[in-house]
Amino acid sequence: MSEQPILELDDVTIQYRTAGGMLTAVSDASFTIGKGEYFGLVGESGCGKSTIAKTLIGALDDNGQISSGEIRYKGEPIQDYTEKQFNQELRWKEISMIPQGSMNNLDPIEKISNQAIEIAQVHTDMTRAEALERFEELFEVVGIQKSRIHDYPHQFSGGMEQRAIIALALFLNPSLIIADEPTTALDVIMQDQVFKYLDEIREEGGASMVLITHDISLVFESCDDIAIMHSGQIAETGDIETIYDDSRHPYAFMLKGAFPDHRYPDRELEIIDGYPPENMGEVNYCTFVDRCPYAVDECREMAPELEQWEGTESDHLVACFRSEDAYEEHQRSMPESDSESTEVHGDD
Amino acid sequence: MTENEPVLKLENLQKYFTDESLKDRILGRDVSPVRAVDEVTIDLYENESIGVIGESGCGKTTLLRTLMGLYKPTGGEMYYNGEPTSEFSKAEWQKYRRNVQIIFQDPFNSLDPKFTVRDTLKEPLQVHGLDNHEERMHRVLEEVQLNPPEQYIDRYPKQLSGGEKQRVSIARALILEPEVILADEPVSMLDVSTQASILTLLSNLMEEKGLSMFYISHDLSTVSYICDEINVMYLGRVVERSPTKKVLREPKHPYSQALIDAIPVPDPHYNRERTKIEGAALDPVDLGEGCRFRDRCPERMDICDIKPRFVDVDGESIASCHLYYDHESADPAADIDERRLASGSTTSGVEATGKAGDN
Amino acid sequence: MLNRIPILSRVSEGFSNAGNHYAIRNFRNALGKMLDSRMTMVYASFLVFVLLLGLVGPWIAPYDATDRIRGEDGELLRGEPPSLDHPLGTTEVGYDVFSRMLIGARPTAISGLLGGTIIITIGSLVGITAGYVGGRTENVLMRMTDLVYGVPLIPTAIVLIAFFGVGFIQSILVIAFVLWRGSARVLRSQVLQIKEREFILASKATGTSTPRIIMKHIFPNVATMAVMFFAIGVGYTIIIQAGLSFLGVVDPFVPSWGVMMRNAYASGQVGNYWWWSIPPGLMIAFTVVSTFMFGRSYERISGGGDDEGAMVQAG
Ligand SMILES: Nc1ncnc2c1ncn2[C@@H]1O[C@H](COP(=O)(O)OP(=O)(O)OP(=O)(O)O)[C@@H](O)[C@H]1O
Ligand SMILES: Nc1ncnc2c1ncn2[C@@H]1O[C@H](COP(=O)(O)OP(=O)(O)O)[C@@H](O)[C@H]1O
Ligand code: SF4
Ligand code: SF4
Ligand SMILES: [Mg+2]
Ligand SMILES: [Mg+2]
């Protein structure tokens, strides 16, 4: 990747001040997103996905802070940007966001077109007419009649509202879109409709995207690279094929096993016992240790670092002291795991 | 109860909502009802688990609440062990409520925040005048794998994780040792790791206790772990009924096909095509008589303005779609008298097959 | 935490003896948490102090309310400034202000408690019934509430009290029979939200009877609101009753703090005899502020937190 990456995170730790002390929501997270790349960030509830998303657009909650590490956008460190810098230089025109639970993110008493005009006027010097024209174009891109830009949000169905938000996110031609659970509230068919438009945007080759979701299948279908998080730590990252075929972190391969696949209704689901811990202060242990069947004492004494997995040629980083042995033990314990003989759906 | 009688039997069950305001009544305006559940016919046998799937707003929750006796059906009949529930006395309802229990979708709303686990489990026991409270509560907590029970029994919901709350909900449903469990998307709000353990727990309990279950969901990939048979619902009507694996492999109704084709597949090597369906489902008001899927259906034909009959497609799947029967030789009266047909084709598979064959 | 204040610790022991009833448990939990906050502690202590005064004030008061104090020379002590013998001085007609303050706590406490109780009883009966039962019952009850909303409190109170006599208790009743309206409205909307929650449906589906659902599920979940409205009702009754006393429509022979202020004012000497008018004024103000603040912090502390789980969802 000779081209400059769009976004780089280097050992980023993000903490919240709480009554019980400093809660470490993200610890030493690192990943890189190239130009035009769709990057999936997966993990269970509370693992720090939204915290990363909010940090990237400078909207971390008031009690939150980036305690260490560097975030570079197009090479430029942005972790110390002020609110004003974010507004003037980044939001909407460089980095835009499709927030979690988008259903409530449009102002219910303002026409959608007016909301777009306002964004344009705050962040660019587009005229009203230019803004409207551009917004109409985008409505067509996301498959809503352009005349409907003057509707109020409540006149839209959930899926349309979500697409209107995607139109807003694309509005000022950003280089990076952060989508936090963009379809969690939608039905499968609507979800698929939304991803159809996200695919098209990718084909046009404009923006990169961080897709944040708890649904690993969306990432496997729609992204190039993936990072799997567990309780603030990045467990494993690489391109989706590598992670699918050859994941080495116990949480990563167990999560894959826990995920239902409707093509194999008879496959037994893997169970990951226990719950992620709440991490206070410095995290100098593997956060998966209490749930990991392969844990050893070492895992409690030090946080494993992300290291290149030798078996793969591409970038494939794993943060586990025992990735080799654990993987083998897991393979052995799985009863004939590879013979997914009960397949009902033939691959097309 | 005879050997082969269904525990629960829905016959053309119908629930319409009419929001007629005083003003409408004074002005004599006719308000079109919301046809939330429209002539649904389903049989649930002992130790069987039947799934109902469909998009948001298709009437799943309304159906479930009608089954719980929270809504009075506006048409059709519901039989419990052969007895029509519309003729139930108070005592019979109380017996029904003891034997038919529910698990809700949202673990964050389904437990009273002011009740400890003990209070939650005790209530059904008190209402039905059972004894041995402590023993029953401990046993049921062990069954849902909240071990040791002492550690959980005095906790408030906010001291439990999502998965633990859902286990308490399941425990509340099991404590009266019911015959039927109604489950409204019991895992859709949970994380994958937790989801798997709750699904496994539910299917083990079904087996051990010989329970019957009505399982409602919009998520087909989890339904397949629980249900033997699936009913696909669209805007208040069941459009297809098939064995679970059959519907996943070979959906018949165009809507079922769209639904299954839209499920994301957790495999980057698998090239799934994105959905071809446009738009969203309408509200079930004033939809006319024809097929309810017709405004989005890729296979739509002229005849689809007439309500399609329920036909047996291949001995396994039953679908309500004009694609699956030959209209030339059909008795024209058949299209009009759907009510007879809908019940006829489902109450007895043999008869239905016979009919389809006749056509 | 409860043990900080002896009377509360006794109260809480009483609670535990009353069994581990959920409502009591919830109340005790909230109270315990509240008393962790220093300001709430101050308000709570002050209210306990006023209640104690109401209980024992008349006994410990050095003089009777109507004892006219005479000096050694047998002269009436009119408008004496504070002294060692009379820490708050005397009034124009020679009453001991300090004693009157102690004695005046009782009518104040009674009007507050009685008013608050009536307000919250009517308010929650109307609000909860309307919210839970719905339909025509709800319509009728809420129309009634709207009607009461149209009633201007002070003028009506003046007319009614003047009409039916100027009794002390009557004045409280009139106030309370108007002021329940706010709590009825808010409780109804609370109930409307709660009754749709799935734990209520689950309970209905097991066959729990309506009264039992109201008592066991609905009421405990609006109880924090109810406690807040009770506290506010106490405060309002006290202050409005004092206002009415001040206007002279209430029995002037019940020696409440409000009546004291009125007498001070009526004497035309407020400016001179500050020790006569300021203490009851301050006591009324402190009591009312304490009830409001106590009610609010109870609501904040025990109402919040129950639903925090709702934020943590898949994803
Ligand atoms: N009390 C009611 N009054 C009027 N209409 C109602 C009522 N309850 C439900 N409906 C309507 O009936 C239809 C079916 O609703 P229902 O809640 O059963 O859907 P659902 O399949 O459970 O959806 P979801 O997956 O979103 O839970 C919807 O159009 C809904 O708006
Ligand atoms: N404003 C906040 N104050 C304190 N803790 C917070 C705050 N926001 C999030 N957290 C905590 O940080 C962790 C990560 O949260 P989040 O990033 O929202 O997770 P995700 O999006 O992966 O579900 C969780 O433990 C959460 O409870
Ligand atoms: S083996 Fe150790 S380092 Fe690896 S995932 Fe398990 S606990 Fe973490
Ligand atoms: S009846 Fe017609 S419109 Fe309906 S699903 Fe079949 S083909 Fe499509
Ligand atoms: Mg999140
Ligand atoms: Mg529903």
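The values are calculated or read from the model by the stated rules, or taken from the named source; none is laboratory data. Bear in mind that the values here come from a model prediction, so they are computed numbers and not experimental data. Neighbour counts are summed over all protein chains in view; Cβ atoms, including those assigned to glycine, are modelled from backbone coordinates with ideal geometry. Remember, those area values only see protein heavy atoms, side chains included, never the ligands or the DNA or RNA. Shrake-Rupley method; radii C 1.70, N 1.55, O 1.52, S 1.80 Å.
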FRET efficiency (C:Asn272, C:Ile60; Cβ distance; R0 22 Å; to 0.05) is 0.15
Phi-derived 3J(HN,Hα) across segment A:66-83 with the Karplus relation (6.51, -1.76, 1.60, θ = phi - 60°), rounded Hz, x for Gly and Pro, is 8, 7, 7, x, 10, 10, 10, 10, 6, x, 9, x, 10, 5, 9, 4, 8, 3
Full extension between B:Asp154 and B:Met301 adds, at 0.36 nm per residue less the Cα distance, a length in nm of 46.9 nm
Hits in segment A:240-263: amide N under 17 Å from the 7 Å Cα→Cβ extension of B:Asn271, namely A:241
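Which of rounded, prolate, oblate describes segment A:192-312, given a ≥ b ≥ c as roots of the alpha-carbon gyration tensor eigenvalues and a/c under 1.5 marking rounded, otherwise prolate only if a/b is larger than b/c?
Numbers: a/c = 2.03, a/b = 1.54, b/c = 1.32.
Prolate.
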For chain B, inverting the pair-averaged 1/r of distinct alpha-carbon atoms gives a Kirkwood value in Å of 21.9
Asked for the total accessible area buried by A and B (1.4 Å probe, Å², nearest 100), one would answer 4200
GNM on chain B, Cα springs under 10 Å; top mean-square fluctuation among B:Asp191, B:Asp219, B:Asp106 goes to B:Asp191
Restricting to aspartates and glutamates and to Cα separations under 12 Å from B:Lys276, and discarding same-chain partners fewer than 8 apart, the set is A:Asp192, B:Asp261, B:Glu299
For chain A, the longest principal axis of the Cα atoms and the Cα long axis of helix A:188-203 enclose an angle in degrees, to the nearest 10, of 80
Pseudo-spin-label distance A:Arg300 to B:Glu92, built 7 Å along Cα→Cβ, given in nm, is 6.2
Rounded to whole angstroms and listed largest first, the alpha-carbon spread of segment A:1-156 along its three principal axes comes to 49, 43, 29
Taking the alpha-carbon centre of each part, the distance from segment B:109-144 to segment B:157-219 in Å is 15
Most fluctuating of B:Arg35, B:Arg155, B:Arg65 in the GNM of chain B (C-alpha, under 10 Å) is B:Arg155
Under Stokes-Einstein, chain A at 37 °C and 0.692 mPa s, with its Kirkwood radius over C-alpha pairs, diffuses with a coefficient in µm²/s of 153
Note to self: Kirkwood Rh of segment A:95-137, Cα pairs, one decimal, Å, is 11.4
Hits in segment B:56-93: amide N under 14 Å from the 7 Å Cα→Cβ extension of B:Thr18, namely B:74-75
Between the modelled labels at A:Arg128 and B:Glu316 (7 Å from Cα along Cα→Cβ) the distance in nm is 6.3
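Quick check on my link table: of B:Lys122/C:Lys204; A:Lys49/A:Lys93; B:Lys90/B:Lys114, which ones sit more than 19 Å apart, alpha carbon to alpha carbon?
Values: B:Lys122/C:Lys204 14 Å; A:Lys49/A:Lys93 22 Å; B:Lys90/B:Lys114 29 Å.
Going by Cα-Cα distance, A:Lys49/A:Lys93; B:Lys90/B:Lys114 fall outside the 19 Å limit.
For segment C:107-252, rounded, prolate or oblate, judged on the Cα gyration tensor with a ≥ b ≥ c (square roots of eigenvalues), a/c < 1.5 rounded, else prolate if a/b > b/c? Mind dumping the intermediate values first?
Values: a/c = 3.31, a/b = 2.24, b/c = 1.48.
Prolate shape, in that a/c is at least 1.5 and a/b is the bigger ratio.
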The pairs in A:Lys111/A:Lys146; A:Lys146/A:Lys196; B:Lys95/C:Lys195 lying past 20 Å Cα-Cα in this model are B:Lys95/C:Lys195
Note on segment A:3-44: alpha-carbon gyration tensor, axes a ≥ b ≥ c; rule is a/c under 1.5 for rounded, else prolate if a/b larger than b/c, else oblate; result prolate
For peptide B:97-109, the mean count of other chain Cβ atoms within 10 Å per residue Cβ is 4
Quick calc of log₁₀ I(q)/I(0), segment B:1-155, Debye, one scatterer on every Cα, no solvent, q values 0.10, 0.11, 0.19 1/Å, result -0.52, -0.62, -1.26
Mean projected area, convex hull of alpha-carbon positions in the protein assembly as shown, reported to one decimal in nm², is 51.9
